[in-house]
1. How many residues are crowded, with 21+ Cβ neighbours inside 10 Å and touching a residue at least 60 places away in the same chain (Cβ under 8 Å) when one looks only at region A:166-178?
2. Which pairs turn up if I take residues in region A:28-41 that are within 16 Å of A:LEU18 (Cβ to Cβ) and within 11 Å of another protein chain (Cβ to nearest Cβ) and look for partners that are crowded, with 16+ Cβ neighbours inside 10 Å and of a type in the set (Lys, Arg) with beta carbon separation below 6 Å, at least 6 apart in sequence or on another chain?
3. Is it fair to say B:ALA48 is over 14 Å from the mean Cα position of the chain (by Cα) and in contact (Cβ under 8 Å) with a residue 24 or more places away in the chain?
4. Give me the pairs, please: first residue somewhere in region A:112-126 and farther than 18 Å from B:LEU167 by Cα, second residue anywhere and buried (at least 20 other Cβ atoms within 10 Å of the Cβ), beta-carbon distance under 8 Å, and either six or more positions apart or on two chains.
5. Of all residues in region B:125-151, count the ones that are within 14 Å of another protein chain (Cβ to nearest Cβ) and either out of contact with any helix residue (DSSP H, G or I) (no Cβ under 9 Å at 6 or more places or on another chain) or more than 13 Å from B:GLY83 (Cα to Cα) (or both).
6. Across region A:152-162, which residue is farthest from the other protein chains (Cβ to nearest Cβ) among those that are free of Cβ contacts under 8 Å to residues at least 60 places away in the same chain and within 20 Å of A:ALA91 (Cβ to Cβ)?
7. Looking at A:ASP165, is it at the interface with chain B (Cβ under 7 Å from one of its Cβ atoms) and more than 24 Å from A:GLU85 (Cβ to Cβ)?
8. Determine whether region A:132-146 contains at least one residue that is closer than 29 Å to A:LEU30 by Cβ and in contact with a Ser or Thr (Cβ under 9 Å, 6 or more places away or on another chain).
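Bear in mind these aren't lab numbers, they're just calculated from the coordinates by the rules spelled out. Computed from a prediction, not measured in an experiment: that's the story for all the values here. A quick note on method: Cβ atoms are made from the backbone with ideal geometry, for glycine too, and the neighbour counts reach across all protein chains shown.
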Number of protein chains: 2
Amino acid sequence: MGRPGAYAKGVARRREILDRAIEVFQERGLQGTSLRRIAEAIGVSHAALLHYFESREQLLVAVYEHAEIQRGIRDPHPVDATGVETMVRSAVVNVTVPGLVELYSTLVAGALESGSEHGKRFFTARFERVRRDLVERLAAEQRAGTVRDDVSAEHLAALLVAASDGLQVQWLLDPSIELERTLASLSVLLRPSR
Amino acid sequence: MGRPGAYAKGVARRREILDRAIEVFQERGLQGTSLRRIAEAIGVSHAALLHYFESREQLLVAVYEHAEIQRGIRDPHPVDATGVETMVRSAVVNVTVPGLVELYSTLVAGALESGSEHGKRFFTARFERVRRDLVERLAAEQRAGTVRDDVSAEHLAALLVAASDGLQVQWLLDPSIELERTLASLSVLLRPSR
């Protein structure tokens, strides 16, 4: 059970570590920053860091989750936005957060490798949740007649998520591709043909 | 100028190293395989490996390039395939090559980080070439009236490449998303509305 207040203190301490870890990754990049070096930079012992995060992967996934939640608080989705609008807005905001797409891409790539059970579980569940939310919006738009219904909402949702992920990467490598306009053109493709 | 035949021998040796390196990565995964450990596994000296590849990143990019060329030789694009068909076929074949999407995703994520000039140059040029080839096909299909022309061929090409990259990742994490059928539904979205 622990001492009274110990849990709340632990949560606050974990949060503090995540805030500092984000800064460390933004300063030094992801490559070559071991748990031991992060602990040094944050000013905690390696053992203390291991108390909160079992591995570098667990810390990185938590950093990503924390950054994503903060992004959602700063920039909440309007309830009445369409599926495509929600996705375009997320993508455009994501690329303005230093290191966020790099971290996401690195973690997703890592999750594909064997031996990465924590990342694999996290991103499989995350993709499932993101697609499910989008399926709901798109199915409602199909019923309202504002989105074509000759392709299933499930296929459309998976395509929108993939297009958004892939274009953020293409844009970071080459900003001439027009992230926002390219993604927004999906609303033309999804318009009913009648 | 070197000895006669030295260049050809160097090329053959480099190729041999790449063939072995692919096997090593497939056996051991990407994480934690340093240049030194790859040299050991291949049975060459660390210095010999550095003669051909200046860094781990350069070796990995070369491994990817080599694997992609071999894939293209085994499975060439039919000349008369549409843009969407070409892209679907590539994606479906990619996910059958063990480790290829993992390697691609890891290298692309790495290319987004600062300090990764070799990977950044390689993937920026590669995306540009893949999009340009697809723009040509799609523009020809727009002129022939088989692809809608109310979205530019440039935007469509960037979207197709992004959707294909993103869906391969989603499928590897969760095969229930139906890679081929989801991507093929893009041909419905690209159909002219008239």
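1. Residues meeting the conditions: 4.
2. Between residues of region A:28-41 that are within 16 Å of A:LEU18 (Cβ to Cβ) and within 11 Å of another protein chain (Cβ to nearest Cβ) and residues that are crowded, with 16+ Cβ neighbours inside 10 Å and of a type in the set (Lys, Arg), there is no close pair.
3. Values: over 14 Å from the mean Cα position of the chain (by Cα): yes; in contact (Cβ under 8 Å) with a residue 24 or more places away in the chain: no.
In short, no.
4. Filtered contacts from region A:112-126: A:SER116/A:GLU57; A:SER116/A:GLY110; A:HIS118/A:GLU57; A:HIS118/A:VAL61.
5. Of the residues in that region, 8 qualify.
6. Quick first cut of region A:152-162, residues free of Cβ contacts under 8 Å to residues at least 60 places away in the same chain only: A:152-155, A:158-159, A:162.
Keeping just the survivors that are within 20 Å of A:ALA91 (Cβ to Cβ) gives A:153, A:155, A:158-159, A:162.
Numbers: A:ALA153: 11, A:HIS155: 5, A:ALA158: 5, A:LEU159: 5, A:ALA162: 3 Å.
Checked region A:152-162; the qualifying residue farthest from the other protein chains (Cβ to nearest Cβ) is A:ALA153.
7. Values: at the interface with chain B (Cβ under 7 Å from one of its Cβ atoms): yes; more than 24 Å from A:GLU85 (Cβ to Cβ): no.
The answer is no for A:ASP165.
8. Checking region A:132-146: at least one residue is closer than 29 Å to A:LEU30 by Cβ and in contact with a Ser or Thr (Cβ under 9 Å, 6 or more places away or on another chain).
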